[in-house]
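The values are calculated or read from the model by the stated rules, or taken from the named source; none is laboratory data. Keep in mind the model is a prediction, meaning the values are calculated, not measured. Ligands, DNA and RNA are stripped out before the accessible areas are found, and what is left, the full protein with its side chains, is counted by its heavy atoms. Shrake-Rupley method; radii C 1.70, N 1.55, O 1.52, S 1.80 Å.
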Amino acid sequence: MPLSQLTVYCHDRRNRALITLAGEIDLESAPLVRAALARCLSDGIRILDVDLTPVTFCDCSGLNAFLYATQKTTEAGGILQLHHPPPTLERILDLTGCELLLLGPPVGQLSPPSGAVPAPAVQPPPHRSTPLVAAGSGDAR
């Protein structure tokens, strides 16, 4: 059996951990990701920051491991957030709509600091009564 091409570094402080993954996350190495994140939870850590800067590749089995870990972390009353995903994972997150779940809200949507004056509300666009036609539907009217 070949050795995994993934290295896991864990730096924890009380109930928060920075987990840095380095290498490739695929079908072979995804169980290592699951085990490392589960170990943090079993050690009482409830805030998991996963740094993916040194990850060179991540496929859907890696996404599955992160989604599973997010579910378990949430059930334990914690938070798991991915940071600096590689382009392959960014694309998978975009296609599946999991960005907010795993990456958190975009910078412009973060909660304002306490005491901050709220920005004016943005008005929604007016309601369209004509249906929009999807591109390539064959109807070119």
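Here are a few things to note about the model shown:
- For Val55, the residues 5 or more places off, or on other chains, whose built amide H falls under 5 Å of its own are Gly23.
- In terms of accessible area, using a 1.4 Å probe and ignoring ligands and nucleic acids, Leu41, Leu67, Leu27, Leu102 rank largest first as Leu27, Leu67, Leu41, Leu102.
- In sequence order, segment 28-43 has phi-based couplings of 6, 9, 4, x, 5, 4, 4, 5, 5, 5, 5, 4, 4, 4, 5, 7 Hz under the Karplus curve 6.51 cos²θ - 1.76 cosθ + 1.60, θ = phi - 60°, and Gly or Pro positions carry x.
- Here the Karplus relation 6.51 cos²θ - 1.76 cosθ + 1.60, evaluated at θ = phi - 60°, turns the backbone of segment 49-60 into coupling constants of 9, 10, 8, 10, 3, x, 7, 9, 7, 8, 9, 5 Hz, with x for every Gly and Pro.
- Amide proton proximity set for Arg46, modelled H, under 5 Å, gap of 5+: Arg16
- Computed from phi, the 3J(HN,Hα) profile of segment 74-82 under the Karplus parametrisation 6.51, -1.76, 1.60 (θ = phi - 60°) reads 5, 4, 8, x, x, 9, 10, 9, 8 Hz, with x in place of Gly and Pro.
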